[in-house]
Amino acid sequence: MDDAGPEEAARVGFEILNFGPSGEIIVWINSEMTQEEFDAIELTAGWFKNQPREGEPDRGSFARSPDASVDGPLTEAEHFGHTWRHNATVIEANTPVDAAGLLRLTRVAKFHDVGFDAGRTLTILVSPEGERYVRISRDAGRTTEEPTLPTGWELIERVATEELFFRLPNPTDNIRGDNEDSFQGPLPALDGLVAP
């Protein structure tokens, strides 16, 4: 992601995924291509596309690929005529969080740093147990602005009282709503750093 503010055009990243040898799902990101280039990719068996995502943070980066032992450049590989970077590995996918299946949990191994400017409004999903998950990305083609929430879950907006910069937990719990909003955490570090 670049350093454009929220008033700038939405930052869209593209991801392709493939199944690893142990059942994990390897995530490859490309932030340089166009929607047309992404749409034109014809995947082979074992590969699939994530829907294009709009990033919410003002800044974001991956400190290393999930299988790397130290921070540094992400592992790069060419797939389908484009260069991709290995930013995440899915270790558990699409587990229903509630009986109706309105929220789905995907557990992701990644070293993901995100930043929000002071004064920025954060959208936070709060579990019945009080755990907080910040909205990190949205489906670029979404048809609804707010997800449908099961009983006991709450969507709140809070303003960053100072510049926020933190690393998401590893692994990260990625909770997707029925509109494909992605809330990630849990983030106890948000306590006291955001105001109503």
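For this structure, a couple of remarks:
- Residue in region 66-84 that is closer than 27 Å to THR123 by Cα and at pLDDT 95 or above present: yes
- ALA45 vs. criteria within 23 Å of GLU180 (Cα to Cα) and outside any strand (DSSP E or B): no
- Boolean, ASP58 is acidic (Asp, Glu), surrounded by fewer than 18 Cβ atoms within 10 Å (Cβ to Cβ) and either at pLDDT 95 or above or more than 20 Å from ASP173 (Cβ to Cβ) (or both): no
- No other residue among ALA109, ALA63 is touching a Ser or Thr at 6+ places or on another chain (Cβ under 8 Å) and either under 26 Å from TRP28 (Cα atoms) or of a type outside the set (D, E, K, R) (or both) apart from ALA109.
- You will find that of ILE91, ILE136, the residue that is in a strand (DSSP E or B), surrounded by fewer than 18 Cβ atoms within 10 Å (Cβ to Cβ), touching an Asp or Glu at 6+ places or on another chain (Cβ under 7 Å) and among the β-branched types (Val, Ile, Thr) is ILE91 and no other.
- Matching option when the condition is assigned to a loop (DSSP other than H, G, I, E, B) and touching an Asp or Glu at 6+ places or on another chain (Cβ under 6 Å), among PRO169, PRO147: PRO147
- Per-region count, region 106-131, residues surrounded by 15 or more Cβ atoms within 10 Å (Cβ to Cβ), within 23 Å of ALA63 (Cα to Cα) and of a type outside the set (D, E, K, R): 9
- Filter result for THR106 (in a strand (DSSP E or B), β-branched (Val, Ile, Thr) and under 22 Å from GLU54 (Cα atoms)): yes
The values are calculated or read from the model by the stated rules, or taken from the named source; none is laboratory data. The structure presented is a predicted model; accordingly, all values stated were derived computationally and were not measured. Every residue, glycine among them, receives a Cβ derived from its backbone with ideal geometry; neighbour counts consider all protein chains shown.
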